[in-house]
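*Asks:* Quick one: the structure is below, and I'll ask about it shortly.
The values are calculated or read from the model by the stated rules, or taken from the named source; none is laboratory data. Note that the structure is a prediction, hence the values are computed from the model and not measured. All Cβ positions, glycine included, derive from the backbone under ideal geometry; neighbour counts span all protein chains shown. The area values use the complete protein model at the heavy-atom level, side chains included, leaving out ligands, DNA and RNA. Shrake-Rupley method; radii C 1.70, N 1.55, O 1.52, S 1.80 Å.
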Amino acid sequence: MKFSIQHARDAEFRADGLREYFEYRDLGIRDATGGHAVMHVIRARKGTNATGEWHRHEVGLQLVYVLRGWARFEYEGVGEVLMEAGTCVHQPPGIRHRELAHSEDFEVLEIVTPADFRTESVPPPPGTAGAR
């Protein structure tokens, strides 16, 4: 583990993350923790929309804190959730979920362990739209 600091004035967002409709700002935590965790700011990419694809992540911990804007997600066993500025979500490991929509100014802080985690597309949970 080592010291790390990031300043907003040096921020660089990249459209090379998990979802093509988001831009990601790496906060240096992956390197500082030797891959134990990743922390980034994610924001909506102009002119793009959520795809609504059901998926799950193989993680130990996943926390999302909404900095601005809003998004609607759907979670297995929970249903639809509106996330707004100030909302904090703990997504349990492996929970099936999907994003339905987000505002143009949507921006979140996300913390995940481990830094390198697997994401897989999954069928809709039983009892949800599109389930067989």
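*Asks:* For Phe3, indicate whether it is in contact with a helix residue (DSSP H, G or I) (Cβ under 9 Å, 6 or more places away or on another chain) and either in contact (Cβ under 8 Å) with a residue 24 or more places away in the chain or outside any loop (DSSP other than H, G, I, E, B) (or both).
*Replies:* So Phe3 passes the test.
*Asks:* Now, a different point. So, in region 1-52, exactly how many residues are at positive phi and in contact with a strand residue (DSSP E or B) (Cβ under 7 Å, 6 or more places away or on another chain)?
*Replies:* Here the count works out to 1.
*Asks:* Inside region 27-60, can you point out the residues that are without any contact (Cβ under 8 Å) to a residue 24 or more places away in the chain and open to solvent by less than 50 Å² (accessible area, probe 1.4 Å)?
*Replies:* Once the filter is applied, which keeps residues that are without any contact (Cβ under 8 Å) to a residue 24 or more places away in the chain and open to solvent by less than 50 Å² (accessible area, probe 1.4 Å), region 27-60 yields only Leu27.
*Asks:* Sticking with this one: Can you name the condition, by its number, that Gly47 falls short on among (1) within 24 Å of Glu12 (Cα to Cα); (2) modelled with pLDDT under 95; (3) under 14 Å from the mean Cα position of the chain (by Cα)?
*Replies:* Here Gly47 clears every test but (3).
*Asks:* Restricting attention to region 10-21, does a residue exist that is within 25 Å of Glu84 (Cβ to Cβ) and in a strand (DSSP E or B)?
*Replies:* no
*Asks:* Can you tell me which condition Tyr24 does not meet? The list is (1) aromatic (Phe, Trp, Tyr); (2) within 11 Å of the chain's Cα centre (by Cα); (3) open to solvent by 40 Å² or more (accessible area, probe 1.4 Å), and all the others hold.
*Replies:* (3)
*Asks:* Go through the residues of region 2-21 one by one and say whether even a single one is more than 26 Å from Thr128 (Cα to Cα), touching a Ser or Thr at 6+ places or on another chain (Cβ under 7 Å) and modelled with pLDDT of 95 or more.
*Replies:* For region 2-21, residues more than 26 Å from Thr128 (Cα to Cα), touching a Ser or Thr at 6+ places or on another chain (Cβ under 7 Å) and modelled with pLDDT of 95 or more: absent.
*Asks:* Looking at region 86-101 only, could you name the residues that are open to solvent by 30 Å² or more (accessible area, probe 1.4 Å), out of contact with any Asp or Glu (no Cβ under 9 Å at 6 or more places or on another chain) and either more than 19 Å from Thr119 (Cβ to Cβ) or assigned to a loop (DSSP other than H, G, I, E, B) (or both)?
*Replies:* Gly86, Thr87, Cys88, Pro92
*Asks:* Further question on the same structure: Taking region 102-113 as the search range and keeping residues that are in a strand (DSSP E or B) and not polar (S, T, N, Q), which one is nearest to Gly60 (Cα to Cα)?
*Replies:* Out of the qualifying residues, it is Val112.
*Asks:* Let me ask something additional. Taking Ala71 as the residue in question, decide whether it is open to solvent by less than 70 Å² (accessible area, probe 1.4 Å), of a type outside the set (Ser, Thr, Tyr) and part of a loop (DSSP other than H, G, I, E, B).
*Replies:* Considered against the rule, which asks whether it is open to solvent by less than 70 Å² (accessible area, probe 1.4 Å), of a type outside the set (Ser, Thr, Tyr) and part of a loop (DSSP other than H, G, I, E, B), Ala71 comes out as no.
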